[in-house]
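The values are calculated or read from the model by the stated rules, or taken from the named source; none is laboratory data. As the structure is a computational prediction, the values presented were derived from the model and not from experiment. Quick reminder, even Gly has a Cβ in these numbers, built from the backbone with ideal geometry, and neighbours come from all protein chains shown.
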């Protein structure tokens, strides 16, 4: 089964789309629209499971550091340019999410929910921001961008 990339319809790559989004990163309306696109509840109040409620900002930072290491390891192994970037991205996300779930005993949904719940503390945490920037770079490298 071949997945269709909605960006192709507009002649854009993921990298192009991310560049456009970066121009509006401080715009609350764009932030809200992207959150909705990514599956966040419209009112911003995510359903918090017990596992998500137990994830502190410190633990979330630890999980994101682990995920960064895993993405960097995958990027080192990647056969650059020989595969579809979207498929590589989906496969890498599945691998890293699975490893993080096994190590920390929480689902990716729990992690996402906890990140939303602790958004204020995390966005003001320089180390968390740095790890997220490195995550984006590692994913881009993995995709051959």
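Which of the residues spanning the stretch 86-108 are farther than 16 Å from residue 68 by Cβ and modelled with pLDDT under 90?
Residues satisfying the conditions are 86, 87, 88, 90, 91.
Within the stretch 13-29, which residues are touching a helix residue (DSSP H, G or I) at 6+ places or on another chain (Cβ under 8 Å) and at pLDDT 80 or above?
none
Determine which single condition residue 84 fails, assuming it passes every other condition in (1) more than 14 Å from the chain's Cα centre (by Cα); (2) more than 25 Å from residue 14 (Cα to Cα).
Answer for residue 84: the failing condition is (2).
Given (1) at pLDDT below 80; (2) within 19 Å of residue 128 (Cα to Cα); (3) outside any helix (DSSP H, G or I), where does residue 55 come up short, assuming only one miss?
(1)
Does residue 50 fit the bill of being exposed (fewer than 15 other Cβ atoms within 10 Å of the Cβ) and modelled with pLDDT under 90?
Answer is yes for this residue.
For the stretch 86-108, how many residues are touching a residue at least 40 places away in the same chain (Cβ under 8 Å) and surrounded by 15 or more Cβ atoms within 10 Å (Cβ to Cβ)?
Number of matching residues: 7.
Within the stretch 74-85, does at least one residue satisfy the condition of being at pLDDT 80 or above, surrounded by 15 or more Cβ atoms within 10 Å (Cβ to Cβ), in contact with a helix residue (DSSP H, G or I) (Cβ under 9 Å, 6 or more places away or on another chain) and closer than 27 Å to residue 141 by Cβ?
yes
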